[in-house]
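Encoded as structure tokens, the structure appears first; notes follow it.
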Amino acid sequence: MPPILRDKADTVHLKRGLSPLWRDDLEVQIGVEERISHRLTLQDPREYLILEALTIDHTLPQLRGILIREHYDPSRADAIVGELVDAGVVQGPTRGASQLSIPRPARELLAPAAESRALTRDDDGWPPIMDLVASSVHVVGLGRTGARVAATLAASGVGHLLLTDPSPVTPRDCGLDYTQADIGQPRDAVMRSRVRSMPGACVPFVRTGAETHVTVMVDCGVYDILRARDLMYQGSPHLLVLIGEASSSVGPWVSPGHGPCLRCLALHSTDEDPLWPTMATQLANSHTLGARGEDPALASLVGCYAASQVVAALTGYRPPCADLTIAFALPDYSTRAIRWSPHPECGCIAPVTGQDNDFAPSEQAA
Ligand SMILES: [Zn+2]
């Protein structure tokens, strides 16, 4: 009996989303993506009944019974399941049952994420989801883009959300996460209510003054220098989402002490234009961008991308936008990536030796 099946009553099934596909009379391919698919050569077409049965839960005795009814060697059920286990395309019973601590509606909400992740992992996909449930994220700035970040994080299972933006919802915010009925109410109060009432939401709640694992700064024009400085002092990871004039950007993901910080970016910008600090100060005090509002498709695109970076980090992966700013530009929503290096004058990481030219930002196609 394959090791994932310890008991006769244990069930096994193809990982959700995988289909058995005939290639020829005896060869079947499970899945199509190269990194997760497997080709199986059958000894007889009747063995396909095993694959067909595995699209839902079956025990090994049940699978053997299918072949017995076909007057066929039942031991082939064991051999086929064993091969599929080795190939990582079947899922056995959930042993840890850790997700049972999540209310049932939330389990159903999060099951697609867990089952999708199971395709690239050896487990049932729930451990990273449980990491999200135990995580705390602070989203600052809740225009259309920031609201998308918050809603996507809540739907992804982030269990604790701190939302900050007391400015009132305006008609220019509506359409994605705000409605006409929200106009005039504080954005953060509306979004707290929205994520709490999300069907099956993992009970995200607001923390005040509590430590957060990640802060998402959704700023207009220029980043909030004081907030970034505080986060660096605290050693707290943060992600910059910047609403620009005709573009918005995500990144870099700042992990203090490991790569460039937001001050590094400002120093690089100053290297390129010595008068940048003069303009940045004025921009920080200008409300023109914020009052204009945000293109809905751009806000949705950028907000969801930013949330995906946070989810990646909270589930143990290096966010793709670490060291990078990914800019999404109007009018065609094209992307470009700007790679950053620590600035030698910043001091946010250990002093770096080498030539100054090594630290200039570089652009590359996204
Ligand atoms: Zn720095």
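None of the figures in this text is laboratory data; all of them are computed from the coordinates on show. Just so you know, these numbers come straight off a predicted model, no measurement behind them. Cβ: placed from backbone, ideal geometry, glycine included. Neighbour counts: every protein chain shown.
Comparing Cα centroids, the stretch 103-144 and the stretch 211-288 end up 28 angstrom apart.
Could you compute the net charge surrounding Ala111? Neighbours are other residues with a C-beta less than 13 Å from the C-beta of Ala111; K and R count +1, D and E count -1.
+2
So for the chain, averaging the separation of alpha carbon pairs under 8 Å that are six or more residues apart and normalising by length, what relative contact order in percent results?
13
Taking amide H as placed 1.01 Å from N in the peptide plane, Gln185 has its amide H under 5 Å from the amide H of Val169, each at least 5 places away in sequence or on another chain.
For the pair the stretch 21-98 / the stretch 289-343, the C-alpha centres are spaced 41 Å from each other.
Rounded to whole numbers, the Karplus 3J(HN,Hα) couplings from phi for the stretch 228-234 are 4, 5, 4, 5, 5, 4, 7 Hz, using 6.51 cos²θ - 1.76 cosθ + 1.60 with θ = phi - 60°, and x at Gly and Pro. Which net charge results for the neighbourhood of Ala297, defined as the other residues with beta-carbon distances under 13 angstrom from its beta-carbon, given Lys and Arg at +1 and Asp and Glu at -1? Cβ neighbours under 13 Å give a net charge of -1.
Express the relative contact order of the stretch 104-193 as a whole percentage, based on alpha carbon pairs under 8 Å and six or more residues apart in sequence. It would help to have the intermediate numbers written out before the result.
Details: 123 pairs, mean separation 21.5, N = 90.
Once normalised by length, the contact order is 24 percent.
Rounded to the nearest 20 debye, the dipole size of the stretch 11-91 about its Cα centre is 240 debye, using +1 on the Cβ of Lys and Arg and -1 on the Cβ of Asp and Glu. Computed over the chain with a Gaussian network model linking Cα atoms closer than 10 Å, the most mobile of Gly175, Gly221, Gly88 is Gly175. Backbone geometry of the stretch 180-194 corresponds, through the Karplus equation with coefficients 6.51, -1.76 and 1.60 at θ = phi - 60°, to 3J(HN,Hα) couplings of 4, 5, 8, 4, x, 8, x, 4, 5, 5, 5, 5, 4, 5, 5 Hz, x marking Gly and Pro. Highest mobility in the GNM of the chain, judged by mean-square fluctuation with C-alpha springs under 10 Å and restricted to Pro20, Pro237, Pro274, is found for Pro274. Between Gln43, Gln91, Gln309, the residue with the greatest mean-square fluctuation in the GNM of the chain (Cα pairs under 10 Å linked by springs) is Gln43.
Each Lys or Arg adds one and each Asp or Glu subtracts one; over the other residues with Cβ under 15 Å from the Cβ of Thr41, this totals -3.
In the chain, helices alone account for a calculated mean residue ellipticity at 222 nm of -10500 deg cm²/dmol, with every DSSP H run of four or more residues adding -39,500 (n - 2.57).
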